[in-house]
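Report on the structure given below.
Read the figures in this text as sums done on the coordinates, not as results from a lab. The shown structure was predicted, so the numbers you read here are calculated from the model rather than taken from an experiment. Here the Cβ positions follow ideal geometry from the backbone for every residue, glycine too, while neighbour counts run over all protein chains shown.
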Amino acid sequence: MIKSLIRWSATVGIVAATVLSTGIDRFKALALPNEQILEILNPVPVFTIANKDGQAITITRPLEDQEASEGNKEQTLLYVFMSPQDAKNYIDTVVKEKNSALANDATVITLPLGYIFEESQKLENQDKGLLFQFIPTQQSQTNAQEILAEEGKQYPGGVPLFWIKDKTSGQPIPSFENNNTSEPIWRLFFEKNRLDAAVQESIQDDVDFDSNFKVEVISLEGIIGVLVQKDDEYLQQIRFVISNESQNFILQNASNTPSAPIGE
């Protein structure tokens, strides 16, 4: 399972970010206003593990010698899963093996991605802060590896996102929220199957569409890196399309939220 520590990347443009990138340093000065970034990120659910009181469970690991400082020998991590089932499997395996009593009371909770973003900002200037570790799904990683392999590229990690581009121009292909607006939106899919279904609908409407597009992979970390460094108007038109699994979990667990901030 490939994991990705959240340190948003310094990608300089969404159109140019056609391969996966892992993050670098924590946030620099924000480009888009915080409120707009949260509007973009908050519709994305992520999943973590909480105790019986609804408080998110963190783990502590010793830092490597090259990472440690005189007053900081440990790092606190919170696993952020893109799949609720992966989070449940983590409880049933790793947590149960290390602390069976905790595993019996542990549950999967949903958080908005914007909340993770805000918490990361609050902690960026602390000597001993909390790091959030993304856990992408195995299927999304496999899909990303296959797409990039066709281009002679390797999957370097991160949470894959899938979108479509015009084969000729290399530009992203927009969609429209309804027929009464000319404002384009840019759909980024967490699940390739959902992108494939959307493409099939487009092919039914336009038989030539099938030969005019290609699927490309970018990373969630790269997109957030763009949001915190650029203030282009088109960034406000990004729409994330979550997985069917995530959507179903939310519908079934609408009230399953933590009762205390992360890390407390």
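Tabulated data for the structure shown
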read-out	value
Full-stretch length increase - Asp196, Glu146 - with 0.36 nm per residue and alpha-carbon distance subtracted	16.5 nm
Gain in span if fully extended, Gln138 to Lys96, counting 0.36 nm per residue against the direct Cα distance	13.0 nm
Distance between modelled label sites at Ile59 and Leu77, nm, 7 Å Cα→Cβ extension	0.6
Peptide ranges 139-149, 97-107 listed from the most packed, as the mean C-beta count within 10 angstrom indicates	139-149, 97-107
Amide H contacts under 5 Å for Asn42, placed H, 5+ residues apart	Gly114
Fewest-first sequence of Arg187, Arg239, Arg61 by Cβ atoms within 10 Å of each Cβ	Arg61, Arg239, Arg187
Vicinal HN-Hα couplings computed from phi for region 57-62 (Karplus, 6.51 cos²θ - 1.76 cosθ + 1.60; Hz; Gly/Pro x)	8, 10, 10, 10, 10, x
Residue-wise HN-Hα coupling along region 145-153, computed from phi with Karplus coefficients 6.51, -1.76, 1.60 (Hz; x: Gly, Pro)	4, 5, 5, 5, 4, 5, 9, x, 10
J(HN,Hα) series, region 90-98, from Karplus relation 6.51 cos²θ - 1.76 cosθ + 1.60, nearest Hz, glycine and proline x	5, 4, 6, 10, 5, 5, 4, 5, 8
